[in-house]
Amino acid sequence: MGKPKRPSIPPTPGGILSNEQWAGLFDAVEREVAADPMHPLLVGHPEGNPVQIRPPWRPDSETWAQGVSAVGASRWEKGIQNPRADFKSAALANNEGWKTGVTQAVQGDRFAKGMANVNVDEAIQTAVTIGGAGYAAGAQARKAKFQRKVDAIAPRMAAVVEATRRMPARTDQEREARMLNQVRGAREAAKGPTGR
């Protein structure tokens, strides 16, 4: 058994990747994953030498739906009736942040890009399937959509996690750099294809 494959992580000053470096990393990772659907970033190391290792980032639709059905439904009902904060006041307090986000979305033409990926027939069928059964049934009906989106972003998110794990974490500053790298990487990952 050879040494586990790992994607090439571009060298970066201080360990935090720039937007351009993230783009280069995602391109490289997606080429590797396209050539090898059983790449360790997607499946981990299930052979167990010396231990089985899960992939860095890979939620699955079945676990997600089961969690929503078993626990999330009642928790959701209670949470709606007993919110942690006044969502209206919080939204008004973040008005400037909202405007900044909208401006960035307009500049990036995100609405049109997002709507171009909408499957109208699937959306209508989902609404009909949910009917009055509510939140838990909705989660079950969206399992395939959830899985497609996870599959689409999995190589990039796995690369983000792997890049962050390789950064040192000895001091508060290094740990903060890891946190910032993870946030920025996830943001950049979300800019790529997200599944239809």
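All of the numbers you see were taken from the coordinates with simple rules; none came from a lab. Because the structure is a prediction, the values reported are computed rather than measured. Reconstructed Cβ throughout: ideal geometry from the backbone, glycine too, with neighbour counts over all protein chains shown.
Computed log10 I(q)/I(0) for the stretch 17-189 at 0.13, 0.15, 0.19, 0.20 Å⁻¹: -1.02, -1.30, -1.38, -1.35, from the Debye equation with unit scatterers placed on every C-alpha and solvent omitted. Using unit Cβ charges (K, R positive; D, E negative) and no other charged atoms, how large, in debye to the nearest 20, is the dipole of the stretch 17-189 about its Cα centre? The dipole magnitude comes to about 460 debye.
Please compare each pair in Lys78/Lys149; Lys88/Lys149; Lys78/Lys145; Lys113/Lys145 to a cut-off of 23 Å on the Cα-Cα distance and tell me which ones are over it. Spell out each step's value before the answer.
Values: Lys78/Lys149 28 Å; Lys88/Lys149 30 Å; Lys78/Lys145 26 Å; Lys113/Lys145 17 Å.
Beyond 23 Å: Lys78/Lys149; Lys88/Lys149; Lys78/Lys145.
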